[in-house]
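The values are calculated or read from the model by the stated rules, or taken from the named source; none is laboratory data. Computed from a predicted structure; not experimentally measured. We place every Cβ from the backbone using ideal geometry, glycine too, and count neighbours over all the protein chains shown. Areas reflect the complete protein model, heavy atoms only, side chains present, ligands, DNA and RNA absent. Shrake-Rupley method; radii C 1.70, N 1.55, O 1.52, S 1.80 Å.
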Amino acid sequence: MLGFVGRIQLRELKKARRHCKAEEEKTLRRILAYAKDTDWGKEHNFAEILAAPDFDELVSRWQKNVPVQDYENLRPLIDRHKNGEENLLFPGKPMMYATTSGTTKEPKWIPITHEYYENVYSKMTKLWLYTFIMHRPKVFWGKCFSIVGKVVEDYAPDGTPCGSVSGVTQRDCPDFIKTLYSMPADVFRIADYAARNYTLMRTAVEQNVTSFVTANPSTILELQRSLDENFGEMMNDIENGTLSRNFKIDEEIRNVLQPLYKPNPARVAELRALKENKDRILPKDYWPDIQFITTWRCGNTRLYTEKFKDWFPPQTLHQEFAYFASECRFGLVMNGDCDTVPFVHMHYFEFVDFDEMENPSPKFLQLHELEVGKRYVIYVTTLAGLYRYNMNDMIEVTGMYGSIPTIQFVQKINGIISMTGEKVHERQFMEAVEQAESETGMKCRFYVGFANLQNSRYHFYFDFMDDSVTADQATDFAKIVDDKLKVINVEYKSKRDSFRVKEPLVHILKPGAFERYKEEAIELGLGREGQFKTNLLMQDEKRHEIFRMLVK
């Protein structure tokens, strides 16, 4: 069944890849026709744009009438939608909102329309799952351990739900697909993260998991840590068919979950035998048949994927989750590796050459005009009310899928820090730390850098694998990072040598600082569970203050 519905969507994508430019025009015209009678469409002359006789004129009218947007430009209209008004950014009202952190203290409420959900999320999720089968035919012979967010987290003033699109997609999927999942959605309603992770692993480690789906690779590390720290208690629960009372789980949720557990002494005997004479057991031990994992692998997430690269069996394929954000599901990875094929038949994309980022009047390029090996800033137009929306993301063109350029996410544009013209890229900072690790043998569990504009100084925070690292050793390590940055970035060297950027200060973090930071950041509304990401180089005093409290 999954193969049947997946192949239908694959056929559509393969048809679109034959003529990228023609699909771009068709998609833009479709979005214009869909929204031309809305307040936004009338104000920005969608009908006039739509009357253009050819693609070149269509793009010219589009760029003339519709300015580049960010969320703050759209917030007033979205707030009106939230209060019940219709036909503002798109026809009718959204079916739901997805939340994500914004540039202000107020989170972004991203509208999800029925049109967008039915075409992008529903249809493309079937293709996404089918790609698993394409690369690993036995991927669904066991259970799929899929991490999703809560279906409903909040409500708009008019009663429209706000929640996780991944959760809604899993809730609404056909029954034959629901049987693949390793646990009910109620697990994701557990508010306490330690309790949720415990319940996830207590449930999944008992099963034959053959696929693992989570956007954020740090989740895998946290789940393994829960197993390591609670192995004995987890075994008691599995043996007796119980759910530990030592974790904070709402009674309503307990009452739903408890009937699902049955005593399983045979599985406990297997797991205890696997752990005999070992400090820990890993997925390759307790899930030896696992075929496929998918997480983010690009950008700064590779810091985490490196930590578990040897945890899985040899047959396990680790595929990039694809370029994906709350604002837009841009495409899918079709080659089993890291290259996202943009949904040219679903969204309309525009790009600016990264070297022109600071040009006040940059040239906007179409998808078919991109060059392999070059980096761009991406703007997206969707069926959910985002028009020429600046994602503030740098992407790199990595190859071609037919006539469609494939892309990889590189980093957020705000991962570039320039206090006084040094323009340090997050990736440059990562490279410098990795070189210092290689040179010294001192490995980091986690690291992060902050720019302090007032003092024109960077603060480096390190959580070293070796908890006995001294302050002097950390200072020497930071000096190497500093020196490497001077080699990597000539502007940084110039500003450091001229004392316009002072010598960085180093701080040693407490073990597990990232997990504590994540919990605090989510509590403060600076991110959300499931899609939590953090830049490794920032100029952000709210986040910096959290890390100041996590220093040894």
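Dividing the C-alpha radius of gyration of the stretch 17-112 by 2.2 N^0.38 Å, with N its residue count, gives 1.20. Taking the charge dipole of the stretch 375-445 about its Cα centre, with +1 at Lys and Arg Cβ atoms and -1 at Asp and Glu Cβ atoms, the residue from 418, 395, 432 reaching farthest to the positive side is 395.
How many percent of DSSP beta bridges within the chain run antiparallel, rounded to 5?
Beta bridges within the chain, antiparallel portion: roughly 70 percent.
Helical runs assigned H by DSSP (4 residues or longer) give the chain a calculated mean residue ellipticity at 222 nm of -11000 deg cm²/dmol, each run adding -39500 (n - 2.57) before division by the residue total.
Just so you know, the Cα atoms of the stretch 143-216 work out to an Rg and Dmax of 13.1, 43 Å.
Put the Cα centre of the stretch 1-58 next to the Cα centre of the stretch 447-476 and the gap is 49 Å.
Only protein heavy atoms count here; on that basis, with a 1.4 Å probe, residue 251 has an accessible area of about 90 Å². Across the options 31, 52, 6, the greatest Cα extent toward the positive end of the charge dipole of the stretch 1-59 (unit charges at beta carbon of Lys, Arg, Asp, Glu) belongs to 6. Relative to the Cα centre, the charge distribution of the stretch 31-97, modelled as +1 at Lys and Arg Cβ and -1 at Asp and Glu Cβ, gives a dipole magnitude of about 180 debye. Across the stretch 237-368, counting alpha-carbon atoms alone, Rg and Dmax equal 22.6, 68 Å.
For the stretch 291-427, with only Lys/Arg (+1) and Asp/Glu (-1) charged at the beta-carbon, what is the dipole magnitude about the Cα centre, in debye rounded to 20?
300 debye
In terms of its alpha-carbon gyration tensor, the stretch 349-412 comes out oblate; a/c meets the 1.5 threshold, while b/c is at least as large as a/b.
Put 155, 323, 34 in order of accessible area, largest first, 1.4 Å probe: what do you get?
155, 34, 323
Figure note: 23, 396, 252 ranked by solvent-accessible area, largest first, 1.4 Å probe, ligands and nucleic acids not counted: 252, 396, 23.
For the stretch 464-552, the Cα gyration tensor yields ellipsoid semi-axes of 27, 18, 11 Å (square root of five times each eigenvalue, largest first, whole Å). Computed on protein heavy atoms with a 1.4 Å probe, the accessible areas place 361, 326 in the order 361, 326, largest first.
Under the convention that each Lys and Arg Cβ holds +1 and each Asp and Glu Cβ holds -1, the size of the dipole of the chain around its Cα centre is about 840 debye. Projecting the Cα atoms of 312, 268, 334 onto the charge dipole of the stretch 243-342, computed from C-beta unit charges around the Cα centre, puts 268 farthest toward the positive end. Taking the alpha carbon gyration tensor of the stretch 484-536, multiplying each eigenvalue by 5 and rooting it gives semi-axes of 32, 14, 10 Å, largest first.
Report the Stokes-Einstein translational diffusion coefficient (µm² s⁻¹, integer) for the stretch 384-518, Rh taken as the Kirkwood radius over Cα pairs, at 20 °C with viscosity 1.002 mPa s. Roughly 129 µm²/s, to the nearest whole number. Peptide packing for 467-479, 426-438 was compared via the average number of neighbouring C-beta atoms within 10 Å per residue; ordered from the highest value, the list is 426-438, 467-479. Compute the separation of the alpha-carbon centres of the stretch 225-268 and the stretch 483-551 and state it in Å as a whole number. Result: 37 Å between the Cα centres. Note on the chain: Cα convex hull, mean projected area over all directions, 25.9 nm². Solvent-accessible area assigned to carbon and sulfur over the stretch 324-437 amounts to 44 percent, based on a 1.4 Å probe.
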